[in-house]
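Visitor: Quick one: the structure is below, and I'll ask about it shortly.
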Amino acid sequence: MKKSQKLLGMAAATLIAFSMVGCSGVPVYIESTAPKLYENNKDKGREITASASGFQLLLFIPIDVNERQNTAYESLKSQAGGGYITDVKIKESWTYAFIGTSYKTTMTATVYPRN
């Protein structure tokens, strides 16, 4: 095999490896809260919202795309201040830009104070 063919093969393998890594995301575990824990505070619930965005440059290079759900959920937990997070709703949206695509995750939830 010629040296140029080996180099081309290694470049292709590297590109495939980077593509596979770029497509992996962080799973988000949304905690479940038993209603009996906050039923005495039903009238004290408040709505909170958090969002996070990412960008896919040239439809190939992900920039903060894979972590946006986790980032939005961590922001929700921060806003809750230790309260019970319930009724989580997730909205995904995207906007095409000339050089790529912007992705946005918005999470809305109800938070109840702890007893």
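A short reminder: the numbers here are calculations on the coordinates, not readings from a lab. Worth saying up front: this structure is predicted, and the values here are computed from it rather than measured. Neighbour counts are summed over all protein chains in view; Cβ atoms, including those assigned to glycine, are modelled from backbone coordinates with ideal geometry.
Visitor: Using Cα springs under 10 Å in a Gaussian network model of the chain, which residue among Ser75, Ser102, Ser32 shows the largest mean-square fluctuation?
Guide: Ser32
Visitor: Sticking with this structure for a sec: What does a probe at Thr14 reach in the stretch 44-66, counting residues whose amide N is under 20 Å from the point 7 Å along Cα→Cβ?
Guide: It comes to 60-62, nothing else.
Visitor: Now for a different question. log₁₀ I(q)/I(0) of the stretch 3-112 at q = 0.15 Å⁻¹, via Debye over equal Cα point scatterers, no solvent, to two decimals?
Guide: -0.74
Visitor: If you don't mind, there's one more thing I want to ask. Run the quick spin-label model on Ser32 and Ala97: label points 7 Å from Cα toward the beta carbon, then report their separation in nm to one decimal.
Guide: Using points 7 Å along Cα→Cβ, the separation is 3.9 nm.
Visitor: Just to confirm a number: summing +1 for Lys and Arg and -1 for Asp and Glu over residues other than Glu74 whose beta-carbon lies under 15 angstrom from that of Glu74, what do you get? Intermediate values should be presented prior to the final figure.
Guide: Numbers: positive: Arg68, Lys77; negative: Glu31, Asp64, Glu67.
With Lys, Arg at +1 and Asp, Glu at -1, the net is -1.
Visitor: Let me ask something additional. Under a GNM of the chain (C-alpha, springs under 10 Å), which listed residue has the highest mean-square fluctuation: Tyr29, Tyr73, Tyr103?
Guide: So, out of Tyr29, Tyr73, Tyr103, the one fluctuating most is Tyr29.
Visitor: Let me ask another. So which lysines pass the test for Lys3, namely a Cα distance under 24 Å, with those fewer than 8 places away in the same chain ruled out?
Guide: Those lysines meeting the cut-off do not exist here.
Visitor: Next question. Can you pull the Kirkwood radius for the stretch 34-93, inverse mean 1/r over Cα pairs, to one decimal in Å? Don't jump to the answer; show the numbers that get you there.
Guide: Numbers: mean 1/r = 0.0738 Å⁻¹.
About 13.6 Å for the stretch 34-93.
Visitor: Quick one: dipole size for the chain, taken about the Cα centre, charges +1 on Lys/Arg Cβ and -1 on Asp/Glu Cβ, in debye to the nearest 20. It would help to have the intermediate numbers written out before the result.
Guide: Numbers: 13 positive and 9 negative charges, 75 e Å.
I would put it at about 360 debye.
Visitor: Starting from 0.36 nm per residue, how many nanometres of slack lie between Lys2 and Ser51 once their C-alpha separation is accounted for?
Guide: Values: separation 49, 0.36 × 49 = 17.64 nm, distance 5.13 nm.
Separation in residues times 0.36 nm, less the Cα-Cα distance, equals 12.5 nm.
Visitor: Quote to one decimal, in nm, the extra length available between Ile61 and Ser75 on full extension: 0.36 nm per residue of separation minus the C-alpha distance between them.
Guide: Numbers: separation 14, 0.36 × 14 = 5.04 nm, distance 2.50 nm.
Length gained, Ile61 through Ser75: 2.5 nm.
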